[in-house]
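Encoded as structure tokens, the structure appears first; notes follow it.
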Amino acid sequence: MASHATSGAARERGEAGSAAAAVAAPILLLEGVAKSYRTGQVTVPALRGVSLDVGLGEFVALTGPSGSGKSTLLHICGLIDAPDAGRYELLGRDTGRLSPRELAVVRREKLGFIFQGFNLVPVLTALENVEVPLLLAGAPRAERAARARAAIEAVGLRGLERRRPDELSGGQRQRVAIARALVGQPKLVLADEPTANLDGATAAQVIDLMRELGRTRDVTFIVATHDGRMAAHCDRVVALKDGTLA
């Protein structure tokens, strides 16, 4: 039988917003999701019948050793990869029934991504990096600038808009990456080891910032991490081992 984890940690926290998330329909639902990769003549299973639901506004950590399936699950949740079997519903829509064009629209309009290596464009300023998702979405120039400035201010980087990535600290670069993930007003943000390259104090600041933005904007965060500091601040920890929920 597939492993199954349901939302509900928010109720344990006793916070009003999270309690609402706990009783609401899940923002995402995976049922029996399986994924394998082929290496030469060998088929390697990455996920083995994973079932999971996550509520609106939850802050969820995906943990587990390397090779446990965290990145694969994150890629499927982000519509970067598709499962070989099982079902994935996002915002009430069966993603397996969406066309490539429809999937691209959902990724652009409903999802945000934060990467371990920041993935900022070196020749662009902080403001221009944050504008990139809006540029790809075809937003007018004035709107792009206004929304990017607001996002920069929301992550505490006012006054640093014109600095390029090499003129920023690691923590500041991660804040730019968070602003870029949120500028499109997504419902779900997926983060891959967002504190791995940060020192302890800076990591704590980034975690607190993500939590605060999630609460104030009703954004769901799913974070793949080896960092115990991150997991300790999440509403729920989903542990993976050998492609299944532990």
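The values are calculated or read from the model by the stated rules, or taken from the named source; none is laboratory data. Computed from a predicted structure; not experimentally measured. Virtual Cβ from ideal backbone geometry, glycine too; neighbours counted across all protein chains shown.
Looking at ALA191, ALA204, ALA137, which is the one that is under 23 Å from LEU74 (Cα atoms), surrounded by fewer than 15 Cβ atoms within 10 Å (Cβ to Cβ) and either in contact with a helix residue (DSSP H, G or I) (Cβ under 9 Å, 6 or more places away or on another chain) or at pLDDT below 95 (or both)? Show your work before the answer.
Numbers: ALA191 fails: surrounded by fewer than 15 Cβ atoms within 10 Å (Cβ to Cβ); ALA204 fails: surrounded by fewer than 15 Cβ atoms within 10 Å (Cβ to Cβ).
Result of the check over ALA191, ALA204, ALA137: ALA137.
Out of (1) of a type outside the set (Lys, Arg); (2) within 18 Å of THR125 (Cα to Cα); (3) assigned to a loop (DSSP other than H, G, I, E, B), what's the single condition that is false for ASN197?
(2)
On the basis of being in contact (Cβ under 8 Å) with a residue 40 or more places away in the chain and either under 14 Å from the mean Cα position of the chain (by Cα) or more than 27 Å from GLU102 (Cα to Cα) (or both), does ASP218 make the cut?
Numbers: in contact (Cβ under 8 Å) with a residue 40 or more places away in the chain: yes; either under 14 Å from the mean Cα position of the chain (by Cα) or more than 27 Å from GLU102 (Cα to Cα) (or both): yes.
In short, yes.
Step by step: first the residues of segment 58-87, then only those that are on the phi > 0 side of the Ramachandran plot and touching a strand residue (DSSP E or B) at 6+ places or on another chain (Cβ under 6 Å), then the one that is surrounded by the fewest Cβ atoms within 10 Å (Cβ to Cβ). Which residue is that?
Here the answer is GLY86.
Filter segment 147-193 down to residues that are assigned to a loop (DSSP other than H, G, I, E, B) and touching a Ser or Thr at 6+ places or on another chain (Cβ under 8 Å) and give me whichever is farthest from THR225 (Cα to Cα).
Residues of segment 147-193 assigned to a loop (DSSP other than H, G, I, E, B): 155-164, 168-169, 183-187, 193.
Okay, now just the ones that are also touching a Ser or Thr at 6+ places or on another chain (Cβ under 8 Å), so 161-164, 169, 187, 193.
Details: GLU161: 29, ARG162: 31, ARG163: 29, ARG164: 27, SER169: 21, LYS187: 20, GLU193: 5 Å.
Checking each candidate, the answer is ARG162.
Being outside any loop (DSSP other than H, G, I, E, B), in contact with a helix residue (DSSP H, G or I) (Cβ under 8 Å, 6 or more places away or on another chain), touching a residue at least 24 places away in the same chain (Cβ under 8 Å) and crowded, with 19+ Cβ neighbours inside 10 Å is the requirement here; does ARG144 meet it?
Here the answer is no, as ARG144 does not meet what is asked.
What's the number of the only condition in (1) exposed (fewer than 14 other Cβ atoms within 10 Å of the Cβ); (2) farther than 26 Å from THR72 by Cα that GLY228 fails to meet?
(2)
Which of the residues belonging to segment 151-168 are in contact (Cβ under 8 Å) with a residue 24 or more places away in the chain, on the phi < 0 side of the Ramachandran plot and under 22 Å from the mean Cα position of the chain (by Cα)?
Initially, segment 151-168 is screened for residues in contact (Cβ under 8 Å) with a residue 24 or more places away in the chain, giving 151-152, 154-157, 160-166, 168.
If we keep only those that are on the phi < 0 side of the Ramachandran plot too, we end up with 151-152, 154-155, 157, 160-166, 168.
Once the filter is applied, which keeps residues that are in contact (Cβ under 8 Å) with a residue 24 or more places away in the chain, on the phi < 0 side of the Ramachandran plot and under 22 Å from the mean Cα position of the chain (by Cα), segment 151-168 yields ALA151, ILE152, ALA154, VAL155, LEU157, PRO165.
Which condition does GLU128 not pass, out of (1) closer than 23 Å to ILE207 by Cα; (2) surrounded by 16 or more Cβ atoms within 10 Å (Cβ to Cβ), if it passes all the others?
Result: GLU128 passes all but (1).
Considering only segment 109-134, state which residues are out of contact with any helix residue (DSSP H, G or I) (no Cβ under 6 Å at 6 or more places or on another chain), part of a helix (DSSP H, G or I) and without any contact (Cβ under 8 Å) to a residue 40 or more places away in the chain.
GLU128
At least 2 residues that are in contact with a helix residue (DSSP H, G or I) (Cβ under 7 Å, 6 or more places away or on another chain) and at pLDDT 95 or above in each: list the strands (runs of 3 or more DSSP E) lying fully within segment 1-108 that qualify.
Filter on segment 1-108 gives 26-39, 42-55, 85-90.
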